[in-house]
Amino acid sequence: MPDPRGFLRYDRREPPRRPAAERVRDWAEVHRAQPPDEEALSIREQAARCMDCGIPFCHSAGTGCPLGNLIPEWNDLVRRDLWAEAADRLHATDNFPEFTGRLCPAPCESACVLARDDHTAGVTVERIERAIADRAWADGRVPPRPPARSTGRSVAVVGSGPAGLAAAQQLTRAGHAVTVLERADRLGGLLRYGIPAFKMDKALVDRRLAQMRAEGTVFRTGTEAGIDPDVATLRAGFDAVVLAVGAGRARDLAVPGRELGGVHPAMEYLVAANHECEGDGPAALTAAGRHVVIVGGGDTGADCFGTALRQGARSVTQLDYRPRPPGRRDEDVTPWPLAPWVLRTAPAHEEGGTRRFEVTVQRFVGSRGRVRALELAEVDARRLPLGDPFEIPCDLALLAVGFEGVQRGPLLDALGLTPGVRGTLDCDERWQTSAPGVFVCGDAHRGASLVVWAIAEGRAAARGVDAFLTGESALSAPVHPRSLHLDPRRFPARPPG
């Protein structure tokens, strides 16, 4: 049983970070390494704070973890120094805990019963998860798990982001011959080119890809599905297709001056920066020596914020049209155990620059065809201007205002798939689209979302594909509204051929 007084004995302790002045000079992860014994003791103390609640809201998809991670179980195993067993329980529901332990905003922590009266007091689930995953790799406890037998069926997974990789790993382990098709020059999707290296070292992606290759998954980069191979070849060569193509169509900002040079979508900027970090030479699009203004207050904007500081920007300003969130949960707005609407400060925000709330861009001000300033207006809660407009200097504007769904192209057109009103692809309860044998998961289905949701959807779609190909499935998958028990009587196996 858990330590009944652990939450009284130990305070919440965040993982230590390197000094801001040090970390802006490199691209290494922001967290500071501790001596192994000190780190293990600290993590065990944090795990002891878990009360193993009768109703653990932390691992419910509606309030906490979309993957249904068995958080109380592996917390208690860590508390008892049973790290190998904890790693087994963690990997039972999460293919890539070293990713989620670094990138997930941890709704499980705000859903923790300890966070009932103080949203900052929950168990440090993300820190514990990362420690379990890292220790499992260090101890050699994450070996390849190739299937014991082959089903003789083949699956193409289009896209190598977290959803595609999760689906591919599950289907490979089920015995199917899986080929992942990626149009970029390297694998990983947004894990590779959308997430800055200071949030997650890309060596972690390479390590997991090596494991998947050893299990039998085949990867092909520089491959534009729908063109080469075309859809006819794709359909003839595989028994099922999984679309994990993301939701990369960026939302634009329709204000005067948008056509000026120096105004770019945020993802264009992040991809260029990550290419440079991968050793592809200096980025053509850089913040070095520039006044950078980031339009949009979300995670993508924060990633641009930290990247611009590391590139040597003269100034960095992040704009958000919404009011500045409060420091504590407002029960009338987001009652526990829902994720609270509170001010979230990314590590990048500790490193310099400025954040401004309740402002909108009125126009981009140019000189000789390039942006030189932004004209802003303060706004009220209805986004109506207050007072006179004013200017701030800007010679690089980055638009981080969200995404509008999947990118149209030959693949979707040839499959006869049309995005819905949200710009995403619909599917039935077993994740199959209106095109028979074609499945969808991740941001392409859900819209731009969290890495933990992408992995959850990849696992759930893999179960649907497995049942489609064989008539039943033993693959585990998270339980949430799109998932249901795949009864072989309802979903007969696809006939051979």
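The values are calculated or read from the model by the stated rules, or taken from the named source; none is laboratory data. What you are looking at is a predicted structure, and each value in this text was computed from that prediction instead of being measured. In this analysis, Cβ positions are derived from the backbone assuming ideal geometry, glycine residues included, and neighbour counts consider all displayed protein chains. Calculation scope for accessible area: heavy atoms of the full protein, side chains included, ligands and nucleic acids excluded. Shrake-Rupley method; radii C 1.70, N 1.55, O 1.52, S 1.80 Å.
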Residue, most open to solvent (accessible area, probe 1.4 Å), within region 367-389, restricted to residues that are closer than 19 Å to residue 285 by Cα and assigned to a loop (DSSP other than H, G, I, E, B) = 368
Identity of the residue in region 42-65, among the aliphatic types (A, V, I, L, M) and assigned to a loop (DSSP other than H, G, I, E, B), that ends up nearest to residue 6 (Cα to Cα) | 51
Just for region 303-344: of the residues that are more than 21 Å from residue 66 (Cβ to Cβ) and among the aliphatic types (A, V, I, L, M), which one is surrounded by the most Cβ atoms within 10 Å (Cβ to Cβ)?
-> 308
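Pick out the one residue from 495, 436 that is at pLDDT below 95, at negative phi, in a loop (DSSP other than H, G, I, E, B) and surrounded by fewer than 22 Cβ atoms within 10 Å (Cβ to Cβ).
Numbers: 436 fails: at pLDDT below 95.
Result of the check over 495, 436: 495.
Listed here are the residues, each with its yes/no results for (1) on the phi < 0 side of the Ramachandran plot; (2) among the aromatic types (Phe, Trp, Tyr).
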site: 198; (1), (2): yes, yes
site: 201; (1), (2): yes, no
site: 204; (1), (2): yes, no
site: 216; (1), (2): no, no
site: 221; (1), (2): yes, no
site: 234; (1), (2): yes, no
Regarding residue 414, is this residue closer than 18 Å to residue 67 by Cβ and either assigned to a helix (DSSP H, G or I) or at pLDDT below 95 (or both)?
-> no
Would you confirm whether any residue within region 60-68 is at pLDDT 95 or above and open to solvent by 30 Å² or more (accessible area, probe 1.4 Å)?
-> no
Of residues in region 150-204 being within 21 Å of the chain's Cα centre (by Cα) and free of Cβ contacts under 8 Å to residues at least 40 places away in the same chain, the one surrounded by the most Cβ atoms within 10 Å (Cβ to Cβ) | 188
Scan region 390-411 residue by residue and report those that are within 20 Å of the chain's Cα centre (by Cα) and in a loop (DSSP other than H, G, I, E, B).
-> 400, 401, 402, 404, 406, 407
Looking at (1) touching a Ser or Thr at 6+ places or on another chain (Cβ under 6 Å); (2) under 20 Å from residue 449 (Cα atoms); (3) not β-branched (Val, Ile, Thr), which is the one condition that is false for residue 246?
-> (1)
Note on region 401-429: residues among the polar types (S, T, N, Q) and open to solvent by 30 Å² or more (accessible area, probe 1.4 Å) are 407, 418
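Looking at 98, 39, 73 in this structure, which one is open to solvent by 60 Å² or more (accessible area, probe 1.4 Å), part of a helix (DSSP H, G or I) and in contact (Cβ under 8 Å) with a residue 12 or more places away in the chain? Spell out the reasoning first.
Numbers: 98 fails: open to solvent by 60 Å² or more (accessible area, probe 1.4 Å); 39 fails: open to solvent by 60 Å² or more (accessible area, probe 1.4 Å).
Selected residue: 73, the only one of 98, 39, 73 that is open to solvent by 60 Å² or more (accessible area, probe 1.4 Å), part of a helix (DSSP H, G or I) and in contact (Cβ under 8 Å) with a residue 12 or more places away in the chain.
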